[in-house]
Amino acid sequence: MGLIEKLINWWTLEWLDLVNDEDLHNLFLEGKNYYLKKEKKLKYKIDNNGISEIQEYDRSFFGFDHDFSIVFKSFDKKTSEKIMNIILNSPFNLMDLLNNKFSQSLNDEFLENGIHLIPKSINDLTFNGYNGKKYSIETMSMFYFFSLKINEDPLLLFKVRNIDLSIIFNEYNSINGIKNLTTTISNYNAQNDDNLKINGSKNRNKKNIMKNERKNKEIFENTLNLIDFNQIPYSKDRIDILLESKPVFFKLDFKNLFLRKLISLSRFKNNIESNDKSKFDLNVFTNDSDVESTYKDKTTKNILFYNKWGKNNNFSKTRIKVDKNYNLKSINEFSHDYKTHHMFFNFFHEVPWWIIRKYDYKIQYIYVIYQFTLNLLEKIAICPELLENNGKYLIRWIPALFVKEVKNIFEKLAESCPNDLVLFDDKLISSQEQIKIIISFFIKDIMTNTILETRSNPSFNNIYSLFFSSKLTEISNEEVNQIEKWIFNLSSLKNKHEIFLSVSDGDHDDFNIDLQFINDHSDDNNSHDSVDDDFSPIKEKIGNLDKEYKFRIFSDLYLLESYFHNIKELIDKNKRINLTNEEFADFYLNTIPLLEYLNFNIKLPKNLKNVIKPKLVINMMAKHQSLNKESLLNLENLVDFDWKVAIADKELSLREFKKLVKKSSMFVKIDNKNYVIDSISSDKISNRIKNIPNKIKHNHLLQTVLTSKYMDNEVEIDKNILNVLDEIKNYKDITIPENLNGVLRPYQYRGFSWLVQNISIGFGSILADDMGLGKTLQVLTSILHFKNNGFLKDKKILIIVPTAILFNWQKEIEHFTPTLSFNIFHSQNKTINPDVDIIITSYGMVRANFDSFNNVDWFMIVVDEAQNIKNPNTKQTKIIKQLNSDCKIALTGTPVENCLTDYWSIFDFVNNGYLDGLKNFKQNYVNFIEKDRDYQTLEKFKKITSPFILRRLKTDKSIINDLPDKIVTECLCPLNKEQTALYQDVIDKTLENLETSSGIERKGLVFKLINSLKQICNHPSHFTKSDSFSIEESGKMEMLVDILENTEENNEKIIIFTQFVQMGNIIVELLKNNFKTDVMFYHGSLNRKVRDQIINDFQNDENKRILIISLKAGGTGLNLTAANHVVHFDLWWNPAVENQATDRVFRIGQKDNVFVYRFITNGTFEEKINQMLSNKRELAEMTVGTDEKFVTEMSNTELQELLNLKV
């Protein structure tokens, strides 16, 4: 049937059924083809009588005695009134028609009353043609034309029967019509209040104004204690549900585009916070402490802000003026350069939040609105509002007030809004409108200048501009109505608290559902208990309401019916909804959550409040009463476990559960209590029952005890086992050895007690305290404890450390635990003395002399700087894991240096097999935590590992409160002309070679490229290998000299870290010549004696103030607290390594604030890589870094984007 196949509405098909007669149908096809051929020439009209042809000339001149037309029989007055009553009697009929829909159920009601809106037969129509011919190609062309029109607009079926629906529609459209811009904003009755007159009014009472402002400020400060922006829920899914897909006013899928833009906007807040890691705190307004001094490390940002905006102006007379076309007209107190909304936005975007309290109350208030806006964007809790102004239309973005949490915050902020903060067309407006205007301007700026690109496609430019530019736009009346209907649900949700579903028990195993509402004008509008339990038709309750309020209720009911179709029968037929057990189970699981999500309230009887999903649980019981901590190593022999299925507080055996599921529906009754069994959950449990293991592995048993879960199933654990677990978590204090030559800090004492307990039980331990917190002292105190208790008579201690810190351990033992005897296995002394307590050796010595160490049965093995065994596949790691001992301890400040497998490797050394093999560990933890950022898996991981790892940070003042601050500054260094030319030349040549390379060859070229660019950024001579160099040739060297001039003037010491020995030599020469002072260089080519002398001189000789260190040689193990300045000349791409280096200075014993300077070459790949690393959010404060490998995986285009200079 050609185009007819696309006409799918039921009423169109019924209309076409009128010509199903074989002879008539053929004529209809001819009429259809006639219409399609001459569509542009034919002019038909539809009026109250039917369809007719528009006459452009007198047909009688050509001998035609009749016009072409199809005439419908008009309904008499009585029938017309009956039709109106049927429509008005049902909110759904009315709302359907208002939304241009004609429901089958409405037509059924017409038929039940003998009304055939669609003619029963073709004979009920009058066809007029020429020469008295009834049916013709021309009239059938009209018939086809009418089918096209009614498919788009079913209301024409009423029009041709002379049924005037405009009376009803005009009445309700006036309630729900497009809001006028001026009327909406200016509808405020406070304009006549003398206390609120704007500047220039003779009657303005300044005393009252000041009194009002003081009162508002007091309310503002109190309100801030009640506001939590974190409570705003992520609302994208809610908006998605409420909007129809592919609205007709847009050629493409506008809903998809709309949501993608909102998602793009939601990233804005995160982008801000990634650049400034200190997060805004509402307490800044109510905290009496000096917040600015707390953030003194942010002084650079403060200075930049003050330089631009001034330091002395507190903007006390700020007032925003918006003209009648919704443009920002002016802002008092801002100079003429800042009148545009973009500069207004920039002020609040740039102002450091920790200084905001210095400004006037109005600025503080706007800043809170700005933060509210950022959180609304992040949670996608904004919605469009369509406003009309002189024939043009504006969409402004306002808070999604249908979200309860958003509405609560909005209303609280409105209570403290300054009275005349925003003027619209020089008039006072309500506090709610003031807030909406400020928010809409903030969003407008973010949309147009920060996030959203401009669309150039002319086919949808107007609509796109309307939604995403916040400008007055011309669109057609048809588009206006379509847009308003599309966004209607977002605005109609404001009143959902008035309507709810009330569920009650039926007479049998069924349930009744009633629809009830609370009049929001009543005193008890917030109490569900005020509603009558007895059923009475809702139409009787709303019958006497005014039209506007009734329409709001109808709108809610119409939305409710979209998701719960049964409600229509309840409203239209005054019939209670009755659901069987199975029907109610589906309603409970699937419909109720959705309705609550849309802010409809559900009232359930008490017995249904216990409705839950079944869970598979394990009862774990101790076989004996006398369990102790040591029992945890042998759990499999000491506990029994029994599988059950828990439904609320009732536990069923597996057999009982199988029987119940087999005979019952989704909704079951146990002990006179009702439960819903979700079929998916039930199937999962049934499948799990088939695969339940008969025995649980030892390591999984211990993990089960720690998490109370096994394979995601809850575990009920015997009290005796829990008591043992409490003993582990709350370890007892251990007496400090009297022969310890030193005093433990409180946190060190806790670490010592923890180590002793774990060693006593047989657990391995990872002591992962921050660098400089005294891990060595805690271990030595533990060893001393065990020696004093006779544990070292037959077995000894092996300590494995990097070569660079072998003698650090010697000095620590000699100082703190002189009664411990030791021997250093190294160099010429390669014997294991059986008469000493401790053997100290290096990783390299263990590799080279494995048999010697493996033949000893050690009491304890300690590995320091345990990141040396982070790679499970290296020979060194495998050899060290093979060594036997009663217990093992790993010391590291960075348990996770690059990825979670680092942690597994170290953990597998101290507690072999506890986390399963590496393959299972990756499947169970790494993929979920590193890739998916699954916090549930992370929490489980932390629980099962927490007894075996202890980590404290220097920045935690509860751990150590006498350590000074660390102030980190990122120094952007420019490239000079020679560096710029070299940089671009290397990129161009290498990228050209990359085009023809692949595999290992390509990776090698990329590594070489990155290394070359690093060298160029350091100094041109570093790359060219030239023997002639100067400070002026390198932006980094010029920056370094500036810093050194300051440190030299103050006689302060500085350490300069570099990855490259060659660059270190260049720095030495340049600094020696410039400052005429001794510059020391610590690197791996020096022998141990020379290196030790350098460190000793730097720490103790006040004339030795400049030390350059090769990062790999001196990044760990050294104590360099004599310095209080650290320069990272070239950045390591692993933040953990960089932090380790910094902590050579920032550690216990440091008395001064430590200043860290990170050199980054401006506009180069260094800046882009630094941004990528700083943006990376790590889980649970693990330092999961990266290295240069990821760059080799980039495409040529991505490489070019990364490496190209930024102008």
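Every read-out reported here was derived from the displayed coordinates using simple, explicitly stated rules and does not represent laboratory data. Model, not experiment: these values are computed from the prediction. Cβ: placed from backbone, ideal geometry, glycine included. Neighbour counts: every protein chain shown.
Here are some notes:
- Pairs exceeding a 28 Å alpha-carbon distance, out of LYS1025/LYS1168; LYS82/LYS550; LYS101/LYS575; LYS412/LYS943; LYS404/LYS684: LYS412/LYS943; LYS404/LYS684.
- Tail beyond 22 Å, pair distance distribution of the range 731-950 (Cα, percent): 49
- For the range 360-373, 3J(HN,Hα) per residue [Karplus equation, 6.51 cos²θ - 1.76 cosθ + 1.60, θ = phi - 60°, Hz, x = Gly/Pro]: 4, 3, 5, 5, 4, 5, 4, 5, 5, 4, 4, 5, 4, 4
- FRET efficiency, 1/(1 + (r/R0)^6) with R0 22 Å, evaluated for ASN113 and LYS73 via beta carbons: 0.85
- Using the Cβ-Cβ distance between SER264 and GLU970 with R0 set to 22 Å, the FRET efficiency from 1/(1 + (r/R0)^6) comes to roughly 0.20.
- Highest mean packing first, where packing is the average number of other Cβ atoms within 10 Å per residue, the peptides 1150-1162, 1118-1130, 972-984 line up as 1118-1130, 1150-1162, 972-984.
- Euclidean distance between Cα centres, the range 1051-1090 to the range 804-877, Å: 31
- Built amide H within the under 5 Å cut-off of ILE382, gap 5+: ALA400
- Built amide H within the under 5 Å cut-off of ILE1109, gap 5+: ILE1056, PHE1057, THR1058, TYR1082
- Long-range amide H partners of LYS324 with built H, under 5 Å: ASP425
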